[in-house]
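Read-outs throughout are calculated quantities, based only on the coordinates presented, and are distinct from any laboratory measurement. Owing to the predicted nature of the structure, the values given are computational and were not obtained by experimental measurement. Note that each Cβ is placed from the backbone with ideal geometry, even for glycine, and that neighbours are counted across all protein chains shown.
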Protein chains: 2
Amino acid sequence: MDSPARPPYYARDNQGGSKARDGVSATPGFRPLYRQVYEYLVRQVSEGAWRPGEALPSEQALARELGVSQGTVRKALDALAVEGIMERRQGKGTFIAANTQERSLFKFFRLSRPGGERVTPQRGEEQVRRRAANQGDIARLGLSKGDKVVEIRRIRLVDGEPALFEMIVVPAAVFPDIENRAPLPNALYSLYQSDYGINITTAHEELKADLARKDDAAYLKLSLGAPVLQIDRLAVALDGRVVEWRVSRCDTRNFVYAVTLG
Amino acid sequence: MDSPARPPYYARDNQGGSKARDGVSATPGFRPLYRQVYEYLVRQVSEGAWRPGEALPSEQALARELGVSQGTVRKALDALAVEGIMERRQGKGTFIAANTQERSLFKFFRLSRPGGERVTPQRGEEQVRRRAANQGDIARLGLSKGDKVVEIRRIRLVDGEPALFEMIVVPAAVFPDIENRAPLPNALYSLYQSDYGINITTAHEELKADLARKDDAAYLKLSLGAPVLQIDRLAVALDGRVVEWRVSRCDTRNFVYAVTLG
DNA sequence: GAGTGGTCTAGACCACGCA
DNA sequence: GCGTGGTCTAGACCACTCT
């Protein structure tokens, strides 16, 4: 299960017979079989073995191929489905989750009307430039001095009114030539997946209140000193790399940031 | 599985033999067996069949008692563990999750230092009073005109400095006599569970930026017009009732609201 | 009807905690 | 050593989709 390629037979962690059962039981490095299958599949997806939206082999086929039982494959696939990496459809098959625009927005775009009704943003003005990474970029994105980044600044509208002012920084090495792809789509994570094979699976956000500065005032049509909500996000790809830093500044007179805990 | 009490044998949804297999297959109302076990256990917990921290019967015992296989019970228990309602410990058993102070704070208290380091609040001044529900309470908590609520206003400190100013409203009928229990613990949800049998499982929060008003300025030692983060929370109990409305106002110079999406 | 995932069962063995 | 949950397997049947 740890062999690199896509082997018809493979060596298991806990070696031997056909399960993790052979007396030895080297407790420390123990990793259950279904976990190994899970990691194998994550690796395959990271390496682009299947395209988004494409179907995987059936449970039976995978089980045969990997030499484990169908139940074990199922447990791995179920976990992947829970994490939103795959999508299972009874009667049809298991598919690599396509980060469609809507899907991606639903997951990571948390602005709503007060009361809970979700809204979807439209694209506004945007500026894209390539530049050297500064200290902040280096620390957050794990870069080295001298590395290049691409910085995107854009407005996002709701019902034609500016609602959000974003600054987005990504490593140029991870998204080659992205600075020449304007106009960028509303849901960037969709583009990251389809054009760069980068699956954003989680995002860490830190929120604070601030006062409108000159930029905010101009872009969001606010007066100086009006309250703005600042959302500072680090987006993590399937392979664990932090591949985007985003700071959004938001007028919360008409919208709120909505989240469910628990 | 749908019978109310705690039956040694019970009637199944999809009736008949011993699984959901008897030709009829009335597709519409289909609910898998493990789901029925799940709902049965939720009902038991809601009704206080076991105390927080107490162990449930073993998988085998439950399976025997309910007349299903161990695997089916396991699937229900695993789901309950994922939702944090139960806690499973290999070699020991399955326990009703005890909403300890730390646990409850960890789950619902989202303030951190910028960068991610978690903090824990201390109790500050508090005022508790019983009053008639107003329109806002009625709408949010699903009450009727004339119902009573208990309102708690309190400060919470971090490192001795005021960080949070909270207004908490709960239905008096759900938490009888809570107004006479001062001083209230830091983690209220722990008290709700141990003294009232109310398990808070999820919370919906809406965040916005605002400017410090007179109250904020006084309690949080801010100047008027300083930015504050407002967190508007509805807390939902295991049985689906909204049992608390809480508005927190927060000074985010030293703290941020941290959340992970995905 | 064939093929897929979804549910359910039964039984074996492993890892863990405790007496 | 016993009892608990955790993993793994094998096989049956159900529900869904497409042809």
Phi to ³J(HN,Hα) by Karplus 6.51 cos²θ - 1.76 cosθ + 1.60 over region B:222-231, Hz, x for Gly, Pro: 10, 8, 4, x, 6, x, 10, 9, 9, 10
Nm distances between copies for B:Gln60, ranked from closest, using label points 7 Å along Cα→Cβ: 3.5
Calculated Rg and Dmax of region B:135-191 using C-alpha coordinates, Å: 13.2, 41
D (Stokes-Einstein, µm²/s), Kirkwood Cα radius, region B:61-135, 1.567 mPa s at 4 °C: 79 µm²/s
Ascending count of other beta-carbon atoms within 10 Å, so fewest first, for A:Met167, B:Met86: A:Met167, B:Met86
Magnitude of the charge dipole, the protein assembly as shown, Cβ model with Lys/Arg +1 and Asp/Glu -1, debye to 20: 320 debye
For B:251-260, mean number of other protein chain Cβ atoms within 10 Å: 6
Rounded to whole Å, sorted largest first: equivalent-ellipsoid semi-axes of the protein assembly as shown, Cα gyration tensor: 40, 37, 21
Neighbourhood net charge (12 Å Cβ-Cβ; Lys/Arg +1, Asp/Glu -1) for B:Glu161: +1
Exposure rule at most 16 other beta-carbon atoms within 10 Å, DSSP loop trypsin sites (Lys or Arg not before Pro): chain B longest free segment: B:22-91
Footprinting exposure proxy for B:Asp215, A:Asp251, B:Asp159 (fewest neighbouring C-beta atoms within 10 Å first): B:Asp159, B:Asp215, A:Asp251
Footprinting exposure proxy for A:Val128, B:Val228 (fewest neighbouring C-beta atoms within 10 Å first): A:Val128, B:Val228
Kirkwood Rh and Cα Rg combined as Rg over Rh, evaluated for region B:104-220: 0.96
Percentage relative contact order, chain B, counting C-alpha pairs under 8 Å, at least six apart: 15 percent
Nearest-first distances (nm) between copies at B:Asp78, label 7 Å from Cα via Cβ: 0.3
Equivalent ellipsoid dimensions for chain A as semi-axes, Å, which come from the Cα gyration tensor, largest first: 41, 20, 17
Charge-dipole axis of chain B as Lys and Arg at +1 and Asp and Glu at -1 on Cβ define it, positive-most pick from B:Leu211, B:Gln44, B:Pro185: B:Gln44
Rotation relating A and B, chain B residue nearest the axis via C-beta, angstrom: B:Ala209, 2
Chain A: DSSP helices with Cα axial extent of at least 15 Å and average Kyte-Doolittle hydropathy no lower than -0.5: A:33-46, A:70-82
Teacher prompt: B:Arg123 distances to equivalent labels in other copies, 7 Å Cα→Cβ, nm: 5.5
